[in-house]
Structure formats: structure tokens, C-alpha cells
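Read the structure below first, then the notes.
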Ligand SMILES: [Mg+2]
């Protein structure tokens, strides 16, 4: 097997502001795994607040090349051999392997896994932090059935009020670890009054005790995102949250994401399948798992101005899963 990679810089359609920072482009990495005339594709979504960098991803891929071996059917063995390190790079490798797998068998991954694409939940679309007027204008312009509102600033309630004033859409909020316990406790009843469906990562990512404390007092379901980065981490959140946010780049790929989904369900927790700012390549890979999840937040390609790939598509908020073999993704 021959592994190669190259930088993949994605320009955002508009600057994206969240509690972790502001971005106008993302510096992801495209991986290609060639074997027997076929090429598996993978994307490493580089998220600085998770400690990832493009240099770290490429260094990992160079280091991991020896672990790949020469039999791409043995995905489990290969993934077991991968060294510890960049989850974004591990995810890219897992995408390459499963893409090759599906291409060789001539079926999309959702079909190999026995999933029904019609069961994929509708996706939310994200509104980044801005002025109340700008966020309300965006809510009106998006005209989507589910909006995910980024919060985590000093004065969040007016932002949600302004959005609610212009839309009846289902609203979810994501504080991106931006609130203290006291702030969260004060905000949650007001957010419930505004019809918010659930709240994502209200507290600092390592404050699991705080989540447990807040959940006992919260009128709204709580979901953990930054607080969970592995399937095993799901178990530690029982009683602290109602659901977990699963992202391929965070968990290190399709196998670990699937483990997390299954474990969350076994522990009576819900799953929101989400993505980073990544192209149709990375988000299509996630979409193959969408029929297993209660909620979807797969809007990465909608935030990008120059998406290099074609694969999953949107019919409004409905996810149209790829029908081509493997990931079902091709370059434009
Ligand atoms: Mg989040």
C-alpha cells in the first residue's frame, strides 16, 4: 500500500466565530492510500483547540506508514497497529482504509454495515457567534428546520432571543466550554423558555463533576462534546450528560466513532453525529454512520467556499448519503 498526503486548505464562506477563536480558513490534510489500482481517500480535519496542527498530522502520517502493511482487508489489525498520536491523522487513515474496502466490494459503507440511509436524522446548520442582529439575520437567511447556535460569550441570552424572534426552527446551543457553572445554571431555564432543545458542552472540557452537578439542576438535556474524545470516555460521562457528540476527527476515525455510538446507546445516552470544519470528503465519511444516530450536525461543507469534493449532498436539511462504493466521494 502506498500512502501519500498533501495540504488541503479550505476557505470559509464567512468568518466562523466560536468560543475557542475565529477562523477564515482551515488547514486540513488530504491523505491517499493506493492499492491494486484503487485509491482510498481520507481527510484529517486539523482543529487547533484539540491540540492538532498540520505539521503534527503529516508527521504522524509519515510515522504510521510502516504500520500499514500490505493487506488492506485487515482493517482491524492495521488500526490496532497504529501508534498513539494525532486523532485527526488516525481518522484520515481509517477513512482511506474503509474507502478502499468499500471500493473493492463495490458498495457504499452504509450498505456494508446494513444501515438504512432513510433513517439518517435531519442535520442542523450552525450560526457562529456574532452580534444579535447578524445572528438573527443569518437565522432568517438559512431558513433551516434545525439551527445550532454557537454561544459561550459574556452575554448570550440576547443572542438566542434575537434568533428566536425571527424563527420557529428547532434551536440547539453550543457553549463550546465557555460557561462557568453559575453562568450555565442561570442561563438554562431561560434557554428552556425559548424552546431550546438541548445544550452542548456548557462547561470546561475537564469539568465532568460540574456536568454532573449541572445535569441534576438542568431543565434541558446536556450533551458532551469537548469532554469526550474516545469511546472509553463515554462511560465516564454516565450521569453527567444525556448525550455525547461524536466526531471522526476527535475520536480517531470510523471504528472508534462506531464504538462510541454503540457504547452510548448501551448506556442509554443519545448521540449527535457532528463534524469539524471539513470538506465533503470528511463529512461524507461521517454521514455513513448517521442512520445510527439520533441527531446530526453535519454542516461542514455548507461553511466552505471551495469544497474540492462531491459525495453526500443536502436536500434542505436532509442528508443524501453517497451511493458510490466506499465513502462514495470523488474530486470535483
Ligand atoms: Mg460542539
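For the reader, a short list of remarks on this structure follows.
- Residue 237 over 19 Å from the mean Cα position of the chain (by Cα) and within 15 Å of the ligand (Cβ to nearest atom): no
- Restricting segment 1-45 to residues that are closer than 30 Å to residue 104 by Cα and out of contact with any strand residue (DSSP E or B) (no Cβ under 8 Å at 6 or more places or on another chain), the residue that is surrounded by the fewest Cβ atoms within 10 Å (Cβ to Cβ): 37
- Selection from segment 161-188 of residues that are surrounded by 19 or more Cβ atoms within 10 Å (Cβ to Cβ), more than 16 Å from the ligand (Cβ to nearest atom) and under 20 Å from residue 218 (Cα atoms): 187, 188
- Looking only at residues in segment 189-209 that are crowded, with 20+ Cβ neighbours inside 10 Å and closer than 12 Å to residue 241 by Cα, the one that is farthest from the chain's Cα centre (by Cα) is 203.
- Every condition in (1) free of Cβ contacts under 8 Å to residues at least 24 places away in the same chain; (2) more than 18 Å from the chain's Cα centre (by Cα); (3) exposed (fewer than 15 other Cβ atoms within 10 Å of the Cβ) is met by residue 76 except one, and the failing one is (1).
- Residue match in segment 73-85 (condition: in contact with a strand residue (DSSP E or B) (Cβ under 7 Å, 6 or more places away or on another chain) and modelled with pLDDT of 95 or more): no
- Inside segment 310-328, residues that are closer than 21 Å to residue 27 by Cα and surrounded by fewer than 23 Cβ atoms within 10 Å (Cβ to Cβ) make up a count of 1.
- Residues of segment 192-206 satisfying the condition of being touching a residue at least 12 places away in the same chain (Cβ under 8 Å) and either away from the ligand (no atom under 16 Å from the Cβ) or within 26 Å of residue 302 (Cα to Cα) (or both): 192, 194, 195, 196, 197, 198, 199, 200, 201, 202
- All positions within segment 283-303 that are farther than 23 Å from residue 114 by Cα and buried (at least 20 other Cβ atoms within 10 Å of the Cβ): 299, 300, 301, 303
- Matching residues in segment 210-229 - criterion: being surrounded by fewer than 18 Cβ atoms within 10 Å (Cβ to Cβ), in contact (Cβ under 8 Å) with a residue 12 or more places away in the chain and away from the ligand (no atom under 16 Å from the Cβ): 212, 213, 215, 217, 219
The values are calculated or read from the model by the stated rules, or taken from the named source; none is laboratory data. The model shown is predicted, which means the values in this text are computed figures rather than measured ones. Every residue, glycine among them, receives a Cβ derived from its backbone with ideal geometry; neighbour counts consider all protein chains shown.
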